[in-house]
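Undergrad: Next up is a structure, given as structure tokens.
The values are calculated or read from the model by the stated rules, or taken from the named source; none is laboratory data. Because the structure is a prediction, the values reported are computed rather than measured. Reconstructed Cβ throughout: ideal geometry from the backbone, glycine too, with neighbour counts over all protein chains shown.
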Amino acid sequence: MPNPLSIRVHDEIGLLTADFNQLSQKLKLVEDLRKKMLSDISHELRTPLTNINGYLEALSTGVIPGNKELFDSIHEESIRITRLVEQLHQLNVWQGKKISNENKMNVLSIEKLIDSCVDHFSLEFKNRGVIIDLKTEAAKVVGDEDGLKQVLHNLLTNVLQYDEGGWVEITGKQKESNYQVIVKNLGQPIPEEHESLIFERFYRVDSSRSRDSGGSGLGLSLVKEIIEQQGGKAGLRSKGNEHSFWFTVPLEK
């Protein structure tokens, strides 16, 4: 990637030079993201593909007989690969939006959006024996509707994967110039030193448990990416095994 050109004058040539430098920086960012994504894909797909290939080779050579348990294991690995690729795609899409400034920001009734997302999960929560406590204040926010739905989907999926208390508390309220959403439930304790890393790509507090539950390690990094692009923040507050994942979005001015 060429080094930025020096801007010596501020006429049309100077403006063209500035535009060239900006384009060059964007291209470098795109290339860096592409390299990181390829590295991530290679690293994360290696284990499930190795498992599938091992099973299939053992079946084809007669080392092990085919049975329902084995076929279920292969199917689970296949589903995990599909989920991983889809979340990598979503993360790449949102990072592309950041570069090209393509976010569709609109005024939204945030409490209706939250209610809709929770309702979508209500049957699955009921089947898992998880009680929902939903408390939201009515408010207008400025955000990307699809992005906020994705954020809530990921946080509620996280509850289903790791819940150990049989309940989830979802609250939404105005806080200064923002609207804050908190998703609280009980799970395994998260060491304090892990809290600042939990939103990083592929980071898992317990990698073996995450793989068993179907977690890809991408859901929370996607939450952070989407929220920060909308001028908000995302974080985690933990106290023992009680975890509160939260995010903010700007209120309509």
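Undergrad: Please verify whether D133 is surrounded by fewer than 14 Cβ atoms within 10 Å (Cβ to Cβ) and under 19 Å from the mean Cα position of the chain (by Cα), treating the condition exactly as stated.
TA: no
Undergrad: Going by the conditions given, is S60 exposed (fewer than 11 other Cβ atoms within 10 Å of the Cβ), at pLDDT below 75 and on the phi < 0 side of the Ramachandran plot?
TA: On the way: exposed (fewer than 11 other Cβ atoms within 10 Å of the Cβ): yes; at pLDDT below 75: no; on the phi < 0 side of the Ramachandran plot: yes.
No, not satisfied.
Undergrad: Sticking with this structure for a sec: Filter the stretch 221-233 down to residues that are under 26 Å from I81 (Cβ atoms) and modelled with pLDDT of 90 or more and give me whichever is surrounded by the most Cβ atoms within 10 Å (Cβ to Cβ).
TA: Here the residue is I226.
Undergrad: Moving to a separate point now. Considering only the stretch 58-88, state which residues are without any contact (Cβ under 8 Å) to a residue 60 or more places away in the chain and hydrophobic (A, V, I, L, M, F, W, C).
TA: If the condition is that a residue be without any contact (Cβ under 8 Å) to a residue 60 or more places away in the chain and hydrophobic (A, V, I, L, M, F, W, C), then A58, L59, V63, I64, L70, F71, I74, I81, V85 are the ones that fit.
Undergrad: How many residues does the stretch 221-252 hold that are free of Cβ contacts under 8 Å to residues at least 12 places away in the same chain and closer than 14 Å to Q174 by Cα?
TA: So the answer is 0.
Undergrad: While we're looking at this one, here's another question. Going by the conditions given, is K184 of a type outside the set (D, E), exposed (fewer than 15 other Cβ atoms within 10 Å of the Cβ), at pLDDT 95 or above and in a strand (DSSP E or B)?
TA: Values: of a type outside the set (D, E): yes; exposed (fewer than 15 other Cβ atoms within 10 Å of the Cβ): no; at pLDDT 95 or above: yes; in a strand (DSSP E or B): yes.
No.
Undergrad: Would you mind finding the one in L236, L218 that is touching a helix residue (DSSP H, G or I) at 6+ places or on another chain (Cβ under 8 Å) and modelled with pLDDT of 90 or more?
TA: The unique qualifying residue is L236.
Undergrad: If you don't mind, there's one more thing I want to ask. So, in the stretch 123-148, how many residues would count as being under 27 Å from L91 (Cβ atoms) and part of a helix (DSSP H, G or I)?
TA: Total satisfying the criteria: 7.
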